[in-house]
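Below: the structure, in structure tokens.
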Amino acid sequence: MPPSLSCLALAGLIAAAPVYSQTGDSSLVARATQTLDSLATSGDFSGVFLLAKNGVPVFERGYGFADREARTPNTVETAFNLGSINKFFTQVAIRQLADAGKVDLDSTLARAWPDYPNHDVAGRVTIRQLLQHRSGVGGNIFAAPPGKTRADIRQLADYLPLFVNEPLQFEPGTSQRYSNAGYIVLGLLIERLSGENYYDYVRHHIFEPAAMTRTASWSVDSLPANTAIGYTRGAQDAPPSTPLGRNSALLPGRGSSAGGGYSTAHDLLRLLNALRAGRIPGGPQANMVGIAGGAPGLNAAMEGSLAGGYDVIVLANLDPPAAERVSRIVRAWLGARE
């Protein structure tokens, strides 16, 4: 059983009682409860944990604070920055457009986007290579546009000048290197091929079919209520004693097709259930979903259809590996894939 909620060490850390169902594995729930209570007490976890079996939550709880200054607790309905999990939505959107015959994944970018500003890149890179981080497209999307600040980035087109003139980092297809810039290109391509704004496209074709009502790329200066603020210690190797500070100044004005949108644990479970039900065209099977995202002050992990029919969703408003650590622990208990 979890420690008493009246315990001073846990005061303000545990925001909601766990939810059990008849399908739950009591031993697994007990281990999760003990582990998360310990991590929250030590300050190593702040966020939401959700364990589902056969698509139904068997344990869910919020820990820590969505806003530390206001002492607003995290709850199971709090929305968190997903980081690069947004790339999953971009992948699905591109595959939907490919299935509709609007793009050939093995064609060059130039064929799909004839007036792409960097002609050399467009003529050598394929859409599939962009999806697989094998394109060689690089550049820093975390910089500020010339003469502006990060807060001025509001649309995908605002990101393009940050990298579009950069040469390829390697010959396309010969290596693999994580490319946020490549996913900005894919998002802009979605806009050109669909005639819709990227944010509208993923809402209409992914979020709405999955009944994901609290998932979006909101502007950082107009976040809706019950959205977690990220807290970071700065450097990745900062000692635990380093004070936490808000990550707001590190964020763009709005997230992108490469990352930075928000969602809740319940919405992500709805996504997995929608994939299982085949309601998302272009989506993979839920048992193929094992994704994470992280940046200063945010970390998220989602694992679908693990051994025993379990889904694991962990969202945190602390530096990595706050969420991924928890996900790895539960995967190990289940004997899941690494």
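The values are calculated or read from the model by the stated rules, or taken from the named source; none is laboratory data. Here the structure is a predicted model, which is why all the values come from computation and not from measurement. Counting neighbours? That spans all protein chains shown, and the Cβs are built from the backbone with ideal geometry, glycine included. Please note that ligands, DNA and RNA were not included when accessible areas were found on the heavy atoms of the full protein model with its side chains. Shrake-Rupley method; radii C 1.70, N 1.55, O 1.52, S 1.80 Å.
Normalized C-alpha radius of gyration of the stretch 234-338, against 2.2 N^0.38 Å? Walk me through the numbers on the way to the answer.
Numbers: Rg = 15.3 Å, N = 105, 2.2 N^0.38 = 12.9 Å.
Cα-based Rg divided by the globular estimate yields 1.19.
How many nm separate the modelled label positions at Ile329 and Gln285, each set 7 Å beyond the Cα in the direction of the Cβ?
Distance between the two pseudo-spin positions: 3.0 nm.
With the Cα gyration tensor of the chain in hand, convert its eigenvalues to equivalent ellipsoid semi-axes via √(5λ) and list them largest first in whole Å. Provide the component values of the computation, followed by the final result.
Working: eigenvalues 246, 106, 57 Å².
Semi-axis lengths for the chain are 35, 23, 17 Å.
To the nearest 0.05, how large is the calculated FRET efficiency for Thr41 and His204 if R₀ is 25 Å and r is the Cβ-Cβ distance? Walk me through the numbers before you get to the answer.
On the way: r = 43 Å, r/R0 = 1.71.
Computed FRET efficiency for Thr41 and His204 comes out at 0.05.
Looking at Ser256, Ser175, Asn165, which one has the Cα that reaches farthest to the positive end of the dipole of the chain (charges on Cβ: Lys, Arg +1; Asp, Glu -1)?
Of the options given, the answer is Ser175.
In whole Hz, with x marking every Gly and Pro, tabulate ³J(HN,Hα) for the stretch 247-262 from phi via Karplus 6.51 cos²θ - 1.76 cosθ + 1.60, θ = phi - 60°.
Per-residue couplings from phi come out as 8, 3, 5, 8, 8, x, x, 7, x, 9, 6, 9, x, x, x, 10 Hz.
Among Met302, Met288, what's the order by accessible area (1.4 angstrom probe), most exposed first? Walk me through the numbers before you get to the answer.
On the way: Met302 0, Met288 135 Å².
In descending accessible area the options line up as Met288, Met302.
Based on Cβ point charges of +1 for Lys and Arg and -1 for Asp and Glu, what charge dipole magnitude is obtained for the chain about its Cα centre, in debye rounded to the nearest 20? Don't skip to the answer; put the middle values down first.
Numbers: 29 positive and 28 negative charges, 52 e Å.
Result for the chain is approximately 260 debye, rounded to the nearest 20.
Compute the distribution of all C-alpha to C-alpha distances in the stretch 104-250, in bins of 10 Å from 0, and list the percent of pairs in each, rounded to whole numbers.
In whole percents, the pair-distance histogram is 10, 31, 33, 21, 5, 0.
Suppose the Debye formula is applied to equal point scatterers at every Cα of the stretch 189-299; what is log10 I(q)/I(0) at q = 0.16 Å⁻¹?
For the stretch 189-299 at q = 0.16 Å⁻¹, log10 I(q)/I(0) is -0.86.
Around Thr72, which amide H atoms from residues at least 5 apart in sequence, or from another chain, sit under 5 Å from its own amide H, with H modelled in the peptide plane?
Sorted by chain and number, the residues that satisfy this are Ala66, Asp67.
Per residue, how many Å² of accessible area does the chain show with a 1.4 Å probe? Don't skip to the answer; put the middle values down first.
Values: 14190 Å² over 338 residues.
Ligands and nucleic acids excluded, the result is 42 Å² per residue.
Among Gly278, Gly261, Gly195, whose mean-square fluctuation peaks in a Gaussian network model of the chain (Cα, cutoff 10 Å)?
The residue with the greatest mean-square fluctuation here is Gly195.
Could you tell me the largest-minus-smallest coordinate of the C-alpha atoms of the stretch 31-92 on each of the three principal axes, in descending order and whole angstroms?
Principal axes ranked by extent give 38, 31, 18 Å for the Cα atoms.
Using Cα positions and a limit of under 18 Å, work out the aspartates and glutamates in reach of Lys53, with same-chain residues fewer than 8 apart set aside.
Hits, sequence-local ones excluded: Asp25, Asp267, Glu303, Asp311.
What are the residues whose amide H is under 5 Å from the amide H of Gly138, where those residues sit 5 or more places off or on another chain and H is modelled from the backbone?
Gln169
Trypsin sites (Lys or Arg not before Pro), restricted to the stretch 269-338: which are DSSP loop and have at most 14 other Cβ atoms within 10 Å? Mind showing how you got there, number by number?
Numbers: sites: Arg270, Arg276, Arg279, Arg325, Arg328, Arg331, Arg337; in loops: Arg279, Arg337.
In loop regions of the stretch 269-338 (DSSP not H, G, I, E or B), the sparsely surrounded trypsin sites (Lys or Arg not before Pro) are Arg337.
Leaving out ligands, DNA and RNA, and with a 1.4 Å probe, what % of the accessible surface on the chain is carbon or sulfur? Display every interim value, and only then the final one.
Details: 7380 of 14190 Å².
The C+S portion of the solvent-accessible surface of the chain is 52 percent.
Compare Ser46, Ser27, Ser256 in a GNM of the chain, Cα atoms joined below 10 Å, and give the one with the largest fluctuation.
Ser27
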